[in-house]
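> I'd like to ask some things about the structure below.
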Amino acid sequence: MKKRIPKVIGKKLRGEWTEMRFMVRVAELGLPISKPWGDSRSFDFVVGWPRHFVAVQVKSTIFELEEGWMCGVGSCGKPYPPGSFDFLAAYIVFEDAWYIIPEDEILGMKSVSLHTNNSHSKYEKYRENWELLQRAAGKNPAGKDPEPGHIDDIQGCAEEFSAGWVG
């Protein structure tokens, strides 16, 4: 089999590209998504509504195994400590497949094996299981399910200063 070359070259750039793909997918589901400032947190995104926020760590892989894919789920070669995030969103680049895995399923692990061609594999029940994320993120404040792509309300605030104010 000829080795495939990823469209996005470089681990850091591929990570940023994967995060953008994740943001688009979550927005298509009608869920609010926020990106924390900087990259020093143990999670990449916050998804959901007030009192229902969940932290998501996004990872991608192009590391092919004999019958699947290996996805690193640690940081600096070490497993994430408990409570680092609520869900791992693992993306297999060459399969265009997402796995939405609860944190407690990967605690203490540095990597996971994902097997898209084996319906009995350990993590198969999490493939494209966006419903887990939707349930954890809760309903919108009005108590109804959000419509995909619909924005209920946008508000802004501006302050007026006296003419004598100099900034």
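> When you scan the stretch 100-119, how many residues do you find that are open to solvent by less than 70 Å² (accessible area, probe 1.4 Å) and assigned to a loop (DSSP other than H, G, I, E, B)?
6
> How many residues does the stretch 53-90 hold that are buried (at least 21 other Cβ atoms within 10 Å of the Cβ) and at positive phi?
Of the residues in that region, 0 qualify.
> If you don't mind, there's one more thing I want to ask. Being surrounded by 11 or more Cβ atoms within 10 Å (Cβ to Cβ) and among the polar types (S, T, N, Q) is the filter; apply it to the stretch 29-52 and report the residue that is farthest from residue 76 (Cα to Cα).
Checking each candidate, the answer is 34.
> Picking from 60, 42, 84, which residue would you name as being among the hydroxyl-bearing types (Ser, Thr, Tyr) and not in a loop (DSSP other than H, G, I, E, B)?
60
The values are calculated or read from the model by the stated rules, or taken from the named source; none is laboratory data. Owing to the predicted nature of the structure, the values given are computational and were not obtained by experimental measurement. No Cβ is skipped: glycine too gets one built from the backbone with ideal geometry, and neighbour counts run over all protein chains shown. Side chains are part of the model used for accessible areas, which takes the heavy atoms of the whole protein and leaves out ligands, DNA and RNA. Shrake-Rupley method; radii C 1.70, N 1.55, O 1.52, S 1.80 Å.
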